[in-house]
Amino acid sequence: MPGGPASRHSFNGRSKPQVVSGYQVAERHLHSFEVCCQRGQIGKAFSHLSLALCILPQIKEQYYSRYLDIFERWSATVEENNGFQQAMTIFEVALTRYPESPDIHHLLAKTLYRNGNIHEAWTYAVMAQKACTHDPNAQETRARLSNALVDRWHLPMLNDVNRNRVFKRAIEAAVNQGHGVVLDIGSGTGLLSMYAKQAGARAVYACEMDRFMCEMSGDILQANSDLPDIQVLSHHSNNLAVPTHIPERVSLVVSETVDAGLLGEHILPTLQHAWQNLLLPPLPAPELSPQPEQPNPIQGSGITNQDERVTCPSPALFGKVIPQKAEVYIALISCDYISRQTKLRNPNLPFFKGKRVSAKLEEPYMSEKLSQVPGGFTLLSNWIPLTSINFNSLEDIEQHLSGDLGRTLEIPCIKNGVPDAVVLAFDLYLNEEEFISTNPETCTTLWENAVYPVDLPKVTASEVVELKFSCNGVIRLSVSCENTNEGDCVNLSAETLMFLNSEYTVDAFLSAAKQAAVTLKKQSKARAPDPFIVCDTAPFPIAGLSLQSEFPNCKLYIEEESVQQTLKEFNIDANLCENLEDEVDVLFIWPVTKEGTLKDGLVKKLLMYRLMMAESCYVFPQTLDLVIGLINSPTLGSMTRVDDSNTCGIKIADVFNIVKTQHHLDVPLEALPHSAIIQDPIPVLRLSLSTADTEAAGHMEETRSSRSDNMLVLGGEIVQYTAEITISEASVITGLPYWFILSGTSSATHSESTGRADSGAPQALVPEFHVPSPAITLSSRGLDSPCNQSILMLEDPLRVAGNERITLKVNWREGVFGAGVQPVQ
């Protein structure tokens, strides 16, 4: 019997050592594994179980779930204490035991991503998602890595048919003029390189520093096999040299390394290096040259025997850049949407009296699609020229790099209003005839505009605003504020400003603080001198600070270190929630991000707070409801996947769409061109912010399981919510926007809370079941909301007939969810 006990035999008068079977060794390791688990020795437990599985591979399926659990905990411990490389050795062991495990692939993807290995992480995320197609955790991880690998602007750019046609015509014209050796700098997918090859260029070099994009462009070139001999160079163009990387100087450089602010992608130093090292010299200005003297048959006619002709050297002997030049314009605007992100407008906050509060920007400017901002914008000035840059002049390029162009501009106002930003637009001339405009009033391109926030008082028509302009490779614009000391300035994130500028949201939390104060007063005599523990996870702890002002013995905990530093400037002490050790008496929760998603790890945090809550802990808000809509948006479709009908005959979609975006974040839904398929949103589930439990909302049916097909084992309980919906008119469904309704008791009366809820969100967005009594209700959708919305796009648009029934399915796993619709089977 295999694995049975071995018999003993005499050997030279001694007993032969007992032969221990593999089964017995494995059994001992399994016993040691159980003992180590009981003792909490997870490292030893992992080792013993790994050895047992190596000896007896037939028990792998039986121990799969337990192995994953112990592996997840041990690999996280090793990474935290010993670093990334040591954690990778644990993954190597696990993959030898379960090489096809989607759970291990998923954990490996997250670990690699966390440590900056995005390319490799994406490979494992794809493997996990393909094996677990409906698991929201696997979907979310792949989506995040897709966004990290490929900048999202690639999608609308590749689908911008006007931009593609203009570039194609300009490249064709240059090649036909004789510019036959082409270098495409920042080539991305290689689209412009292929236009050059189609036009008949003798040699084309595609330079792209991003390794993933290089590999993708190689696959795209193979898909367009009729365009051979394009050499892809995986380098930054500033590291290219002749003849090391390319055999000769090129006669044409094509580059679209421009952004909303024109120069933000470092096009000037890139072209400076190209002119100095990679391009043929520029075409000199035409000169009038005398021709050899010829006998003049007409004597005394007054006609000279000197004929003047213009010499035109061959373009192939000289260098050229596409785009040729850019003309830059600026204007002063008033825009509510920009204002809410960049300056403090709520006059009811005492914490910032005497302070100038503005947005903390990591770059000199923001970028917005001004033609689509919620509420639009108002021009307070005409568009005025700022500068013009000739990309075919090394002198002009170097002048804009030097910083010597600084000057003060005067902008005459044409309307009364409060200036919120100076905005920048440009006309990008590819040659003398072809150009692309980013003017938000007239452009057809999908490009955004650079936005330079300003904090100025109201201006009147004919008033002049002074603006400082400088350029040292990037265009910088600023308005100096008089009578403002640096010590009076406070910089906050856009998320914090949007939260503070939502007066309805602020009032709700202050109202909740009053209700919490009633609870604390009842306990104050019994609690003295022990401090009350108040935890406030909002972007700015207005409710916690309100309680602290009323109860000096409050100990305040917050989530963000940056906010902690701001409070220190106000001489206010606050602790970080990660250091929380005491029982919590009051918990204020803000579970939604500015982008309209749930905060990462929300459910795990709620479970932690649940363990820390005092018996009489006051929580606000108490519930969160997930609400979903159905829309058709061709505009959003162009930002989701590439369509080859937009790329002028070049095949890109089959390759590029492996990184297409299914989850769009930070979408101002009210400004997005779309049509609503259903008028009333669909309540899906309710999450208790006190217990982290969920239940079905509305008419949804709920199914719970610990494991399901096409799902990861790791990730918590799987809850599926389904409902059948009738679509009244024939439609095309492309996306599922979602948002959240937050509810909690407050000091407001029922009539007050109902009225205020109506003012904060349209009636259709607040179904009756969302309004407990007395309660206050907050919606993450609406003009006063501190959030935008997010949208789950369908893999393929769903066409439905009038009065057709469809099924909405939502998969939920500990705060991560995915959704889709399909015809009723």
Q | Cα gyration tensor shape of region 215-274, rounded if a/c is under 1.5, else prolate or oblate by comparing a/b with b/c | A | oblate
Q. How far is helix 42-55 tilted, in degrees, relative to the longest principal axis of the Cα atoms in the chain, given as a value from 0 to 90 rounded to the nearest 10?
A. 90 degrees
(Q) Under 19 Å between alpha carbons, and skipping anything fewer than 8 positions from K458 in its own chain: which aspartates and glutamates qualify? (A) D336, E410, D420, E466, E482
Q: Rounded to the nearest 500, what is the 222 nm mean residue ellipticity of the chain from helices alone, with -39500 (n - 2.57) per DSSP H run of 4+ residues and division by all residues?
A: -9500 deg cm²/dmol
(Q) Net charge within 12 Å of L279 by Cβ-Cβ distance, Lys/Arg positive one each and Asp/Glu negative one each, not counting L279 itself? (A) +1
Q. How many nm is it between the label spots at S688 and E120, if each spot is 7 Å from the Cα in line with the beta carbon?
A. 4.4 nm
Q.
I want to make sure I understand the PRE zone here: with the label point 7 angstrom from the Cα of M209 toward its beta carbon, which residues in region 345-371 have backbone N atoms less than 20 Å away?
A. 362-365
Q. What length, rounded to one decimal in nm, is gained on full extension from Q565 through to M608, with 0.36 nm per residue of separation minus their alpha-carbon distance?
A. 13.0 nm
Q: For region 592-699, just say rounded, prolate or oblate: build the C-alpha gyration tensor, square-root its eigenvalues into a ≥ b ≥ c, call rounded for a/c under 1.5, and beyond that prolate if a/b exceeds b/c, oblate if not.
A: prolate
Q: Using 0.36 nm per residue of separation minus the Cα-Cα distance, give me the extension gain between T519 and S645 in nm, one decimal.
A: 39.0 nm
Q: Give the angle, between 0 and 90 degrees and rounded to the nearest 10, that separates the Cα long axis of helix 211-223 from the longest principal axis of the Cα atoms of the chain.
A: 70 degrees
Q.
Computing the accessible area with a 1.4 Å probe over protein heavy atoms, can you report the carbon and sulfur percentage for the chain?
A. 48 percent
Q. Applying 1/(1 + (r/R0)^6) with R0 = 30 Å to the Cβ-Cβ distance of S706 and Q825, what FRET efficiency is obtained, to the nearest 0.05?
A. 0.75
Q) What's the extension gain from T408 to S728 if we count 0.36 nm per residue and subtract their Cα-Cα distance? A) 109.3 nm
Q) Of M608, M793, which has the most accessible area with a 1.4 Å probe, and how do the rest follow in descending order? A) M608, M793
Q: Give the long-range amide H neighbours of T777: residues separated by 5 or more places, or on another chain, with amide H under 5 Å away, using H modelled in the peptide plane at 1.01 Å from N.
A: A757
Q: Can you work out the accessible area per residue across region 124-188, with the rest of the protein chains kept in place, probe 1.4 Å, in square angstrom?
A: 33 Å²
Q. What's the FRET efficiency of A671 with H235 using the Cβ-Cβ distance as r and R₀ = 35 Å, to the nearest 0.05?
A. 0.30
Q: Distance check, please: which entries in K110/K604; K320/K651; K325/K651 exceed 19 angstrom between their Cα atoms?
A: K320/K651; K325/K651
Q. Which distance in nm do the two modelled labels at K809 and I59 give, with both placed 7 Å along the Cα-to-Cβ direction?
A. 3.6 nm
Q: May I ask you to give the solvent-accessible area per residue for region 210-249, in square angstrom, as obtained with a 1.4 angstrom probe?
A: 55 Å²
Q: Restricting to the chain, compute how many DSSP beta bridges are antiparallel as a %, nearest 5.
A: 75 percent
Q) Remind me, relative contact order of the chain in percent, using alpha carbon pairs under 8 angstrom and six or more residues apart? A) 11 percent
Q | Cα-based shape type of the chain, given that a ≥ b ≥ c are square roots of the gyration tensor eigenvalues and the cut on a/c is 1.5 | A | oblate
Q. Which whole-number value in Å² is the accessible area per residue of region 486-589, probe 1.4 Å?
A. 43 Å²
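The values are calculated or read from the model by the stated rules, or taken from the named source; none is laboratory data. No experiment lies behind these values; they were computed from the predicted model shown. Positions of Cβ are backbone-derived with ideal geometry, glycine not excepted, and every protein chain shown enters the neighbour counts. Remember, those area values only see protein heavy atoms, side chains included, never the ligands or the DNA or RNA. Shrake-Rupley method; radii C 1.70, N 1.55, O 1.52, S 1.80 Å.
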